[in-house]
Amino acid sequence: MVSRKRKNIKLIICTLILLCVFSVSSAAGIYETVAQNSFGETVQRVQIRLRELDYFYFKPTGNYKGMTVNSVIKFQMREGLPVDGTAGEQTQTILFSARALRATIPDSVHIPIGPSLQGTQEIKGSLVRWDTIKTELIVGKSYRVMDYNTGKVFYMTYTGGTNHAEMECTTAEDMAKFLSVFGGVVNYSKRPVVIGVNGKDVAASLYGFPHGTDTIKDNDMDGHTCMFFQGSTSHVGGIADVEHQRQIYVAAGA
């Protein structure tokens, strides 16, 4: 009887050891070190994330060449990391975190970020999580969007989205209003907005740079843009965007 118990205990211990080894190996796989001449999906993910943070301005190819190396060096310098141009575990851990710092913008560069809030805004949005609002949004339907800072209203059509909403201006007139709240030109800034969904006002954050797939013609918008809600995340690694989150709280009057 005692011998059987000891065998069972040994079996449990061996199983736990194997599980630990498997867990460590799996975790280590997330941080596949990539460097000069590396190729593959990890390189592409690194390039996409660097582009999101304004360190990389080229199409993600999956090839780790000079432009990617230089972008990683700039990121490492910005974060105070060892500077070697290699994206190892330490660099990727910070790169794919919500606390990753965006590239610094020279003082000589003027970015039109649109009008700021003057006074107070009476209409405020409710904080509704993305996994809830996603079930209520209908692909192809146009929704009323109010820029929180100016009160200007325009319409945007929901075209889909997995981690956040992908939106396109419904008409060219709506695109003109979109541009006006972003300072007259498309740019990388994010603004607090209130969108009407099923009779309720919902707090959101709207990105000012259209990109990617374009499904609506003759609306003067080249591509779609992103709208984040409470709990929305980036396309890359399911990362929260602190800038969008800040604007969502502004739209909620927080």
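Read-outs: derived from the displayed coordinates by stated rules, not from any lab. Small disclaimer: the values here were computed from a predicted structure and weren't measured. Here the Cβ is made from the backbone with ideal geometry for all residues, glycine too, and neighbour counts use every protein chain on show.
The table below gives the values:
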| item | result |
| --- | --- |
| The stretch 32-95: C-alpha pair distances exceeding 19 Å, % | 14 |
| Label-point gap, in nm, between residue 98 and residue 218 - each point 7 angstrom along Cα→Cβ | 4.3 |
| Percentage, to the nearest whole number, of Cα pairs in the chain over 26 Å apart | 50 |
| Whether the stretch 130-251 is rounded, prolate or oblate, judged on the alpha carbon gyration tensor where a/c under 1.5 counts as rounded | rounded |
| Cα-Cα over 32 Å, subset of 74/200; 74/141; 134/217; 152/217 | 74/200; 74/141 |
| 12 Å cut-off, amide nitrogen to a point 7 angstrom out along residue 173 Cα→Cβ, residues in the stretch 186-215 | none |
